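Working notes, beginning with the structure itself.
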């Protein structure tokens, strides 16, 4: 089932808030992931170019995703590599 607008906005809000407090070790990586979330929230599913831009950004952010995930796991003991449920 697709995410609702409220769920998408909540996810973007979580990433944006975390971006503001991200430790220096992962700040740049988290910035990349936040930009990806914002872009994905604005994608126009009926527009192939819009979808491709987000797909390209997702592939380009893979290293940042791994770095941030590895840091969270090593520092907090939480594996976010498969996503996490964050309750507002």
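Throughout, read-outs are computed from the coordinates displayed, never taken from laboratory work. Predicted model, so just to flag it, every value in this text is computed and none were measured.
The table below lists the values:
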| read-out | value |
| --- | --- |
| Nearest-ten-degree value, helix 5-21 long axis tilted from longest Cα axis of the chain | 30 degrees |
| Nearest-ten-degree value, helix 48-60 long axis tilted from longest Cα axis of the chain | 10 degrees |
| Whole-angstrom gap from region 22-52 to region 53-69, using each part's C-alpha centre | 8 Å |
| Helix 24-41 vs. the chain, principal-axis angle (Cα, 0 to 90°, nearest 10) | 20 degrees |
| Top of 43, 51, 21 by mean-square fluctuation, Gaussian network on the chain, Cα under 10 Å | 21 |
| Relative contact order computed over the chain (Cα-Cα under 8 Å; 6+ residues apart), in percent | 25 percent |
